[in-house]
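Asks: Encoded as structure tokens, here's the structure I'll be asking about.
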Amino acid sequence: PASIATPFFETWDDVSQPDGTDWTFNQGAFVLTTAVAEPNAPKSIQMSTAGGLENDKEEIRSKTFALQGESGVTLSFYTEARGPENGESLICDYVNSSGDWVELGRVNSDGTIESSFLFSRFSLPANAYHDGFRFRFRTDVDDIFDFWFVDSVKLGKQPEMTLVTPPSPGQTARADVTGLLPGQSVTLFYSFTGIGSGPCFFQDVCFDLLGGIFPLVTINANGAGTASFLIPIPANAPIGLTAYLQAFAGYVPGRQSDVSTAVSATVQ
């Protein structure tokens with residue numbers, strides 16, 4: 001099985017059909033340029049249903065990954081619905097430790113012909129951490145023109161942010177981001193609104209910060225893949241003021257850009 005030490009990415013940009021090494025079963029998924037505004041243009045995979053038969057859905061399955069002993073792994077991807085009726089779905093399943101396919105999550109169409117891609121990220125449950133882990137995408141549609149497009153698939157760990165030193169007036173707060181590549185460029189962003197489903201920037205990442213999002217400082221990760229942000233706090237910062245922090249990790253060869261987990265930091 002493949003090791004998860006190096007995260008798995010798929011954008012289909014350099015292939016004309018899904019790679020049989022990375023995708024060991026494919027029924028009806030095609031690499032095309034017919035979607036709109038792909039996160040990693042110009043290609044994505046298109047899936048619908050073969051012949052419009054209820055029992056003839058299209059499906060693509062990944063290779064096997066060795067996840068025994070791992071934790072904190074997520075599966076993320078982008079989808080665009082162009083044709084599915086309200087309630088029809090693109091479903092993502094995984095193989096659990098008993099060898100059964102189990103639904104991890106799904107994206108439901110509202111019947112709109114979309115002109116942009118929707119980001120989805122799912123955390124793997126406990127029974128996904130074994131050496132026979134696989135995942136698949138399949139359609140729940142009933143017409144050959146019910147097109148689902150999938151792009152920018154990532155299986156790996158999300159960089160983790162930890163508030164090491166909370167903010168205090170006139171002092172220096174510290175927030176560390178781990179799980180980066182040595183030397184990777186990382187930008188710290190903040191918001192005063194909250195944590196939730198935030199906007200998508202940089203084509204292939206979506207933030208978990210709400211309201212106005214502002215960049216604060218950019219640094220590079222050290223040799224251990226950790227970025228330590230030192231944040232001077234004004235002497236007049238009001239006690240109880242809460243900021244919400246998240247880091248953007250820029251693209252480097254072999255790894256797509258991503259965002260860290262988000263944390264709250266309250267002036268004490």
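Asks: Mind pulling up the Rg/Rh value for the stretch 139-268? Radius of gyration and Kirkwood radius, both on Cα.
Replies: 1.08
Asks: How large is ³J(HN,Hα), in whole Hz, for each residue of the stretch 90-106 in order, when computed from phi with the Karplus curve 6.51 cos²θ - 1.76 cosθ + 1.60 and θ = phi - 60°, using x for Gly and Pro?
Replies: 10, 10, 10, 10, 9, 8, 7, 5, 8, x, 9, 7, 10, 5, 8, x, 8
Asks: Quick one: plug the Kirkwood hydrodynamic radius of the chain (C-alpha pairs) into Stokes-Einstein at 4 °C, 1.567 mPa s, and report D in µm²/s.
Replies: Taking Rh from Cα pairs, D becomes 65 µm²/s.
Asks: Give the aspartates and glutamates whose C-alpha is closer than 19 Å to that of residue 43, dropping any in the same chain fewer than 8 places away, or say none.
Replies: Partners within reach: 10, 13, 14, 19, 22, 58, 59, 80, 114, 146, 151, 204.
Asks: From the backbone phi of the stretch 27-34, what are the Karplus-calculated ³J(HN,Hα) couplings (6.51 cos²θ - 1.76 cosθ + 1.60, θ = phi - 60°) in whole Hz, Gly and Pro given as x?
Replies: 10, x, 8, 10, 7, 9, 10, 9
Asks: Also, I was wondering about something else. At 1.4 Å probe radius, can you tell me the per residue accessible area of the chain in Å²?
Replies: Counting only protein heavy atoms, the per-residue value for the chain is 45 Å².
Asks: Report the gain in length on full extension from residue 9 to residue 220: 0.36 nm times residue separation, minus Cα-Cα distance, nm rounded to one decimal.
Replies: Contour length minus the Cα-Cα distance gives 73.7 nm.
Asks: Can you sort 43, 154 by 1.4 Å-probe accessible area, starting with the largest?
Replies: 43, 154
Asks: Taking all protein chains in place and a 1.4 Å probe, what share, in percent, of the accessible surface of the chain do carbon and sulfur account for?
Replies: Answer for the chain is 51 percent, counting heavy atoms of protein chains only.
Asks: So, one more: Tell me, in nm to one decimal, what length is gained between residue 121 and residue 143 on full extension, where the rule is 0.36 nm per residue of separation less the Cα-Cα distance?
Replies: Result for the pair: 5.2 nm of gain on full extension.
Asks: Return the distance in nm (one decimal) between the two label points of a simple spin-label model at residue 200 and residue 25, each offset 7 Å from Cα along Cα→Cβ.
Replies: Distance between label points: 2.8 nm.
The values are calculated or read from the model by the stated rules, or taken from the named source; none is laboratory data. None of these values were measured; they are calculated from a predicted model. Cβ: placed from backbone, ideal geometry, glycine included. Neighbour counts: every protein chain shown. The protein model used for the area step is the full one, side chains on, heavy atoms only, and it has no ligands, DNA or RNA in it. Shrake-Rupley method; radii C 1.70, N 1.55, O 1.52, S 1.80 Å.
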